Amino acid sequence: MKTYSEVFDVVPDDLDDLNHVNNIRYVEWIQDISKKHWTHVTSENIKKSMIWVVRNHNITYHKSAVLGNTILINTYIKSNKGPISTRVVEIKNKETDELLVKSVTEWCLLDAITFRPKRVPAEIQALFL
């Protein structure tokens, strides 16, 4: 599995009324890292011919991040079956290596013109596995 990673700091706009990272922000980070990984490994032609939509998010919150924490976020493709790709995202506190959030998301590949589900081609699978 090829992992894609980013590191960044928690900023005031990430916080909720309890002064920890808002659950919505975690979902945004999950979607952002997934899109960045796709963009990083695919060509313009591939991006124009295929799009992804979320079928299911399963998110487990283990600990809270707070202002000033440095976040390490990793993502990889766990499996592909037909048009469904299962992606794992792990969000950790970079200093302590503690797991904060883990998500398992099923993404469905669509043809960019017809918007019909499309089996994940072997050429795409090879880019991520």
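The values are calculated or read from the model by the stated rules, or taken from the named source; none is laboratory data. Not measured: the values here are computed from a predicted model. Each accessible area value is taken on the protein alone, full model and side chains, heavy atoms only, with ligands, DNA and RNA left out. Shrake-Rupley method; radii C 1.70, N 1.55, O 1.52, S 1.80 Å.
In the set SER64, SER103, which member is polar (S, T, N, Q), under 15 Å from the mean Cα position of the chain (by Cα) and modelled with pLDDT of 95 or more? The unique qualifying residue is SER103. The test for being of a type in the set (Val, Ile, Thr), open to solvent by 40 Å² or more (accessible area, probe 1.4 Å) and within 17 Å of the chain's Cα centre (by Cα) holds for VAL53.
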